[in-house]
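The structure under discussion appears below in the form of structure tokens.
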Amino acid sequence: MTRAKLPPWLVLLMPAVIILAAVVLIPLLLSLYSSFTAYQLTRPETLYRWIGTFNYVKAASDPNFWWAFGRTVLLLTIALNTEMLLGLGLALMVSKVTRGQRALRTAMMFPMMFSPILVGFQFKFIFNDNVGLVNNALQSLGLTDVAIPWLVDGQLALFAIICAEIWTSTSVFAILILAGLFSIPQDPLEAAKVDGCTAWQSFRFVTLPFLMPFIYIAMAIRSLDVARAYDIVQIMTNGGPARRTELLWTLIGRTGYVDARMGYANAMGYISIFLAIGFTVYFFRKLTAARVSLGMGD
Amino acid sequence: MAQAATHRFRRRLLKALHFTGLFLAMSVICLPGLWIVLNSFRPTVEIMAKPPVWIPTELNLDHYRAMFGGIGQGGVPVLTYFQNSLIISVTSTVIALLVGMAGGYAFARYRFKGKATMFVALMASRAVPGVALSLPLFILYGRIGIIDTHFGMILVYVAMNVPFTIWLIDGFFRQVPKELAEAAEIDGCTRWQAFWRVEFPVARAGIASAGIFAFLTSWNEYALASQLTRSVNSKTMPVGLLDFTSQFTLNWGGMCALAVLMIIPALVLTFLVQKHLIAGLTFGGVKG
Amino acid sequence: MAQVHLRNVLKRYGGLDVVHSINLDIAHGEFVVLVGPSGCGKSTTLRMIAGLEEISGGEIAIGDRVVNDLPPRERNISMVFQNYALYPHMTVRENLGFSLTIAKRPKAEIAAAVAEAAEILSLTPLLDRRPGALSGGQRQRVAMGRAIVRHPEVFLFDEPLSNLDAKLRTQMRVEIKKLHQKVGTTVVYVTHDQVEAMTLADRIVIMRDGHIVQIGTPLEVFERPVNTFVATFIGSPPMNLLAGTVQGGQVVLADGTALPLPPGLQVADGRAVQFGVRADNIMPEGHALPPTAHMAYVEMPVTLTEPLGTETLLFAALAGTEVQAKMLNPRPVRMGERLRFGIALDRCHLFDAASGASLRG
């Protein structure tokens, strides 16, 4: 009847660790292995043809890969920053509303709950050059009489994708920042007012530092599933036109499933995994640091 | 006096700006969804009309009828997809919750070496992009023979949901004071009883919202499902949406109808959990 | 019979000892208060008795059973927590009856026990409320009710009053004492508040840095503190301590002021000591208790006054040290006014300057 046997936390974490090992870790080890082979889906025997770092070298010297890589980083940078700013603005606006705030908050969460693939279709429809909502509206308002080729032009297509991405994910920021706004103690704000701070100053020096952990939580959550942009892009443009919206993830999907070159796809997949994990770890670090600086840590 | 007047003017201006901004933002958030709902009731000709028809002249249930009837051009086995989605999402959610509760409890209640690292490692496993993970899973599942089965999908979704469920549930359990379980133990409970009779009921609302979040993730997932499902055996609704597309055409109306079927449960559930969800996310995150 | 015995009880976290091999015997029906500054190990000791913390060494016995390896539920104890730890999802009635429900007692018996406890603590009108709808004092009473319902062998209290405001605290203190007189169960009570300790305890256990410094009745620890720590910890205001050296049967302070040794003390010349005197035993002439057999007189300038109504607390300076004194039948005193104070030497203390230990032996 002693209270200590196997450490209980280990027992409790075991199921999670086992499942993640089975479904994530082992497949990733397999893909790590296959990334050093010439594995092609259609020819199973190629799984055993060891070719060393050939796939990695090939990826590194493939301009298509670097374009996709750069475009992914660019898209994430633009999207995440815009989402954060818009989310902050939205949260500030909603926090000032007194009546019907609950309804607004709920409505704010809706885009989060849309399947990314649905978002893809939705925005494909909205940006359709012929019958899309955007062109119809622009034409009905008489702003233009040409059909703007939103999803056909490379630049515009990227813009449309970013719009869709922002539409789905701004609410993550808005909601968490709103939660942050509610949790800010009133005393420091009042003290700032008495000390003669302008509205901007008290926002900048009191509110914002308090919000930082919440912004980092949102960033951390977003970093966990940035790859869901894959679904959106896949539907809206599938990397086209002429690879102008190709992201790392669509490139991997195409190489693996369409071209059946699994080894090469896995090599690029690994690069995308490290990108994602690096992102996640970075924001968790930031979150811890922000927490410590506000004295909210353990 | 003049100063007071400027102040009053500025306040009014701010108020008007605030209202306009909010209105615009909310329109952008809500319109795409409403547009889908509206289109699901409109005949295809009207959706595709050029010049556009802004005010619907005719609303009917044709797309829904076609969808459920499995006839005509909308002959998509929607009910089977719905069933698959439901079975896979519910089962994987229940399992993810049980696993997540154990893990979340461990993080909330025990101190151990490398706890922070362990937490980030778990989260990082969630960060692996679905498409990158789907490649090796596709190979493995093919070997084991669980491609295009409910079991295979449930397994993937459990793994996908466990990290985030742990994050949320950790947050909820931390809001339950440790003393409650101690009091229960002194009142005669075993550790097990103390958990189920005291800690679990107190954190129940939060755990439910973690469950709903997991459910929605499975319900909406596409990247993995699109590779690991094949046929009506296991295709889920997000994958089923593609049935409305062919090489060059898209059946918008039918797709909208299926989309509505997907969104409605999501919206209802979101509405139910929004409060707890936010509390769980922020508590776990802020009070490290 | 429920005595509690602690034999060389030790608690170690990592490599750090937070409770050093303590010994304590608590008699049946005794009210023992563990008191000390935060971090002294008093709560850990209580939690070890409760079974919420493992014991790293030694032995704890409740009644005749060694309970070292028993989980809390088998120790037949109950505990009141600092933040009450009421089950928020249960009504007051369910909270009170929870331990009996767990023990699978018959419904009628539970109802009767709950009713009895509710009656004792006047909770009857609140039985169907949830803890969230109760005031602090009411929650406190429910927590106590939950403890008495199952008639345990020992009550454990962990700083139960520290979340209440001053007025309620005084009131609940009285209720706890009455409750103990009524049910007569052994009580172990932890607090950092010496007033609570003095007013409630049959015996006080003063702890510091994981050691027991002194065990005694409230009067013993007040009148015969074993060292300067106890002397300054127990009693309010804290005992004044004046550093000096013994010379020819007198304590000579830094400025040359000489105070006779308290009667009955023999200390060798040249020893560095602390002369201890409570505010109650140093009073200005004309506003003092009748003089005792051994008095000494000093003149001090008053630096600050705190009128308390029936008496005034005077702050004065002696040999560079601030001294607190009491003035009975107070009159207004000017700042800097020099008064002659009488010191009742037979109630004074002498401590070793280095170790702080009392020289009274």
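Please treat every number below as a calculation from the coordinates, not as lab data. Keep in mind it's a predicted model, so treat the numbers as computed, not measured. Reconstructed Cβ throughout: ideal geometry from the backbone, glycine too, with neighbour counts over all protein chains shown.
Overview of values
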item: Segment C:5-21 and segment C:41-66: distance between their alpha carbon centers, rounded to Å; result: 10
item: Projected label distance in nm at B:H7 and B:F271, using a 7 Å step from Cα toward the beta-carbon; result: 4.3
item: Fraction in percent of alpha-carbon pairs per bin - 20 Å, the protein assembly as shown; result: 11, 32, 29, 19, 8, 1
item: Proximal charge balance of A:L178 [Cβ under 13 Å; K/R count +1, D/E count -1]; result: +4
item: Per-residue [θ]222 nm for chain B (sum of -39500 (n - 2.57) over DSSP H runs n ≥ 4, rounded to 500); result: -25000 deg cm²/dmol
item: FRET efficiency for A:Q186 and A:K96, using Cβ-Cβ distance with R0 set to 22 Å, rounded to 0.05; result: 0.90
item: Coarse-grained scattering of chain A at q = 0.08, 0.09, 0.14 Å⁻¹, given as base-10 log I(q)/I(0) from a Debye sum over alpha-carbon atoms; result: -0.50, -0.62, -1.16
item: Built amide H within the under 5 Å cut-off of C:T303, gap 5+; result: C:F315, C:A316, C:A317, C:G336
item: Convex hull of segment C:240-352 built on C-alpha atoms - directionally averaged projected area, nm²; result: 6.5
item: Calculated FRET value between C:D346 and C:A258, using beta carbons and R₀ = 22 Å, to 0.05; result: 0.80
item: Diffusion constant of chain C at 4 °C, which comes from Stokes-Einstein with the Kirkwood Cα-pair radius and 1.567 mPa s, µm²/s; result: 57
item: Normalised convex hull volume, segment A:181-246, alpha-carbon set, Å³ per residue; result: 120
item: Which of B:M67, B:Y81, B:M101, positive extreme of dipole for chain B (C-beta unit charges); result: B:M101
item: DSSP bridge orientation in the protein assembly as shown - percent antiparallel, rounded to nearest 5; result: 80
item: Convex hull (Cα only) mean projected area of segment C:69-159, reported in nm² to one decimal; result: 5.9
item: Derived scalar couplings ³J(HN,Hα) [segment A:243-256; Karplus, 6.51 cos²θ - 1.76 cosθ + 1.60; whole Hz; x for Gly, Pro]; result: 6, 6, 10, 5, 10, 3, 6, 5, 4, 4, x, 5, 4, x
item: Protection proxy ranking of B:4-11, C:131-138 - average other beta-carbon atoms within 10 Å, highest first; result: C:131-138, B:4-11
item: Ordering of C:141-148, A:65-72 by burial proxy (mean other Cβ atoms within 10 Å per residue, highest first); result: C:141-148, A:65-72
item: Rule-of-thumb Rg ratio for segment A:140-278 [Cα; 2.2 N^0.38 Å; N residues]; result: 1.50
item: Diffusion coefficient, µm² s⁻¹, Stokes-Einstein with Kirkwood Rh over alpha-carbon pairs of segment B:2-67 at 20 °C and 1.002 mPa s; result: 141
item: Amide proton proximity set for C:D17, modelled H, under 5 Å, gap of 5+; result: none
item: Linear extension gain, C:T303 paired with C:A166, 0.36 nm per residue minus alpha-carbon span; result: 46.4 nm
item: Mean Cβ count within 10 Å, highest first, over the residues of peptides A:35-43, A:136-144, B:126-134; result: B:126-134, A:35-43, A:136-144
item: Theoretical ellipticity at 222 nm over chain C - DSSP helices of four or more residues, -39500 (n - 2.57) apiece, nearest 500; result: -7000 deg cm²/dmol
item: FRET efficiency for B:L24 and C:T91, using Cβ-Cβ distance with R0 set to 51 Å, rounded to 0.05; result: 0.60
item: More than 19 Å apart - percent of Cα-Cα pairs taken over segment C:1-156; result: 58
item: Student exercise, chain B dipole from Lys, Arg, Asp, Glu Cβ charges, in Debye to nearest 20; result: 1080
item: Unit charges at the beta carbon, dipole of segment B:130-288: most positive-side option, B:V162, B:P136, B:M262; result: B:P136
item: Chain C, dipole about Cα centre (Lys/Arg Cβ +1, Asp/Glu Cβ -1), debye to the nearest 20; result: 920
item: Inter-site label distance for B:Y110 and B:Q193 at 7 Å from Cα along Cβ, in nm; result: 2.3
item: Global size of segment B:71-286 as Cα Rg and Dmax, reported in angstrom; result: 19.8, 70
item: In order through segment A:24-29: 3J(HN,Hα) via Karplus (6.51 cos²θ - 1.76 cosθ + 1.60), integer Hz, x for Gly, Pro; result: 10, 5, 4, x, 5, 5
item: Trypsin sites (Lys or Arg not before Pro) restricted to DSSP loop in segment A:87-189 with at most 15 other C-beta within 10 Å; result: A:R99
item: Inter-chain shielding of B:249-259 (mean C-beta neighbours from other protein chains, 10 Å cut-off); result: 2
item: Check: chain A dipole with +1 on Lys, Arg Cβ and -1 on Asp, Glu Cβ, in debye; result: 600
